[in-house]
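Student: Handing you this structure, nothing more for now.
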Amino acid sequence: MIVKDLSFSIFIPESMIQERVWQLGQQINQDYVDRSPLFLPILNGSFIFAADLLRTVNLECRVSFVKHASYQGTASTGQLKTLIGLNESIFNQDIIIVEDIMDTGLTLSKVVEELRSLGTRSVEIITLVRKAPARMHAVQPKYIGFDIENEFVLGYGLDYDGLGRNLKDIYKQVPGETA
Ligand code: IMP
């Protein structure tokens, strides 16, 4: 398959993704029994993963889609600087950040650090895909869909230059092949 100027081949088929998402949902249901977590899916990439995951979760829970702030504003106490779009109170909440893919993990580590400093009860990460470099990072996700090597993937919410998010399967780039 060609997207823009790159070649991709199928990597993780839809059926495998759906099965894994269901398993992750069951783990969350067990781990958070009698709790009411606040899910924070990070836009844009995690919209499909979050939609499927949330339908496997049978807890009382809230969901607030957020974005990385592209710049850091001046500090004003209690205001989140790393994320925009959060309308829910995070004080004393069990937060589950929903990410599509962790590459270096650098962006999320700042988010986690800030959320923890603002009086949350707990902050965990669920990522559908974790790339090899993220395995070295100090901030680790509690839930991981698929561990992959350092390759470029797309589909199921993940994009290449804005394209490919709507694909049902996950594809990986065929190295060295351009269109
Ligand atoms: P990190 O801060 O290096 O972990 O960056 C993670 C972000 O980079 C993800 O949320 C994606 O938006 C993007 N990204 C990293 N690798 C890929 C990939 O293989 N396909 C599509 N997007 C990716």
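The values are calculated or read from the model by the stated rules, or taken from the named source; none is laboratory data. In this text the structure is predicted, and so the values were computed from the model without any measurement. Here the Cβ positions follow ideal geometry from the backbone for every residue, glycine too, while neighbour counts run over all protein chains shown.
Student: Which pairs have Cβ atoms under 8 Å, sit 6 or more apart or on different chains, and link a residue in segment 102-125 that is over 22 Å from I148 (Cβ atoms) to one that is modelled with pLDDT of 95 or more and among the charged types (D, E, K, R)?
Tutor: T120/D94; R121/D94; S122/D94
Student: Then there's this: Among the basic types (K, R), at pLDDT 90 or above and within 11 Å of the ligand (Cβ to nearest atom): does that describe K168?
Tutor: No: the conditions fail for K168.
Student: Looking at segment 70-93, can you tell me whether even one residue there is more than 14 Å from L43 (Cα to Cα) and under 13 Å from the mean Cα position of the chain (by Cα)? Can you show your working first?
Tutor: Of segment 70-93, the ones more than 14 Å from L43 (Cα to Cα) are 71-81, 87-93.
Next, only the ones that are under 13 Å from the mean Cα position of the chain (by Cα) stay: none.
No, the conditions are met nowhere in segment 70-93.
Student: On the basis of being exposed (fewer than 15 other Cβ atoms within 10 Å of the Cβ) and on the phi > 0 side of the Ramachandran plot, does D147 make the cut?
Tutor: Against the criterion (exposed (fewer than 15 other Cβ atoms within 10 Å of the Cβ) and on the phi > 0 side of the Ramachandran plot), D147 does not qualify.
Student: For segment 117-140, does any single residue satisfy the condition of being among the polar types (S, T, N, Q), modelled with pLDDT under 90 and within 16 Å of the ligand (Cβ to nearest atom)?
Tutor: no
Student: How many of the residues making up segment 1-28 are among the basic types (K, R) and either in a helix (DSSP H, G or I) or closer than 30 Å to E60 by Cα (or both)? First the steps, then the outcome.
Tutor: Within segment 1-28, the subset among the basic types (K, R) is 4, 20.
Now drop any that are not either in a helix (DSSP H, G or I) or closer than 30 Å to E60 by Cα (or both), which leaves 20.
So the answer is 1.
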